[in-house]
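Scroll down for the structure; my scribbles are underneath it.
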Amino acid sequence: MTIHSPHHRDTDFAFAQGRALRHIDVVLPEGAPRSSAQIILDLFEAANELLDGVQYRVRVCGLDMLSSGPAGARPRSLVVFLGDIHSRWQLSAKERARVNQVMRLAERSAFVGGAVFLLDALARGQDHDLAIHPNFLASAGECSLRQDQEGAATAVSGTVHSAICNFATPRMLLDIVAADGMAHYLGLDTGKRPTKSRVALNLEQKSAGDTLITQCLAVMQENIEAPLSVAALAETLNVSTRCLQRRFTRHFDRSPLSVYRALRVERAHQLLTQTDIPVRQVAVATGFGSYQSLSQHIRETYGHSPDVIRRSAFRGVAPETMRPRRFRHAETTQADSRVM
């Protein structure tokens, strides 16, 4: 039986949203429970919610499913062989040919726990430095498997990734999708940095780690109730207004104030759905000043008025359209120095 991520979208939807579609296979050994892949499904579901540039479609299956039907022959962005920490994953001659074929088609391959022994069965163990669980160190030494670094939970060697166990898999996968900010958002980062909002995380991802953008987003989030002008933001960051405008236009095709507004709308939505603060106080707390201004921007983003969102949240249900709309590349980026 094959299991797909519960909230995957089809190809047409992904491309209609301007998002690149990435196919991922999670392969389980015979007899392994499908639930062992749930942490991977949850991570990529979160990535689909948080990141705008890509849409991940995940399939969980056994080796026997990989070469059957059209899906078995399609290229994969990533194939994850998900072993456990108790037993070596061994292959028959027929399975070796199948795994070799899958690895040739995949852009990247990942091996978890006892799945690292697949590389030994394929005579590829000496080609890569691997993360090997302590349970397997003795047997790995008798094979052609090479440990990357003592005590390392994950390792990267060319297009081959490895993790010592299922619990180390999220960190390995976040390295693959290059979403370091998402690690902190999901509670996988042990740093003491403030938690980023969804909008800020998405923007940082789009900016490819631009330091000025990261710093500016932090200043914006610290000044939600009393928004700063672009000139004040630039002065705080010790850059010119023109430089700040150009940097936001380059990365997002949006003005700094448009981005600032998106952060404030997101905060307003959180206050509407997670607290009982009166709606007009929510408007003040997010720098909109009036109910009319808040309502206009909430409707543009979530498709409903603040009152509808508040009532739906308290009933424990929310309309499908209340998911925030994606940024539109055609949105104006005209310079605007006034406070929103």
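The values are calculated or read from the model by the stated rules, or taken from the named source; none is laboratory data. Computed from a prediction, not measured in an experiment: that's the story for all the values here. Cβ sites come from the backbone with ideal geometry, for glycine too, and all protein chains shown count toward neighbours. Accessible surface is based on the protein model in full, side chains and every heavy atom, while ligands, DNA and RNA are left aside. Shrake-Rupley method; radii C 1.70, N 1.55, O 1.52, S 1.80 Å.
Data for the structure
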read-out	value
Residue count, segment 271-303 (criterion: in contact (Cβ under 8 Å) with a residue 60 or more places away in the chain and not hydroxyl-bearing (Ser, Thr, Tyr))	2
Cross-chain or 6+ apart pairs with Cβ under 9 Å, segment 97-110 first and hydroxyl-bearing (Ser, Thr, Tyr), then open to solvent by 60 Å² or more (accessible area, probe 1.4 Å)	Ser109/Thr159
Tally of residues being assigned to a helix (DSSP H, G or I), modelled with pLDDT of 85 or more and open to solvent by 20 Å² or more (accessible area, probe 1.4 Å) across segment 1-45	7
Looking only at segment 46-63, and only at residues there that are at pLDDT 85 or above and in a strand (DSSP E or B), the one that is farthest from Val102 (Cα to Cα)	Gln55
Boolean, Leu66 is of a type outside the set (Gly, Ala, Ser), touching a residue at least 60 places away in the same chain (Cβ under 8 Å) and under 22 Å from Arg22 (Cβ atoms)	no
Scan of segment 64-90 for residues that are modelled with pLDDT under 85, open to solvent by 10 Å² or more (accessible area, probe 1.4 Å) and in contact with a Lys or Arg (Cβ under 9 Å, 6 or more places away or on another chain), ordered by number	Asp64, Met65, Ser67, Ala71
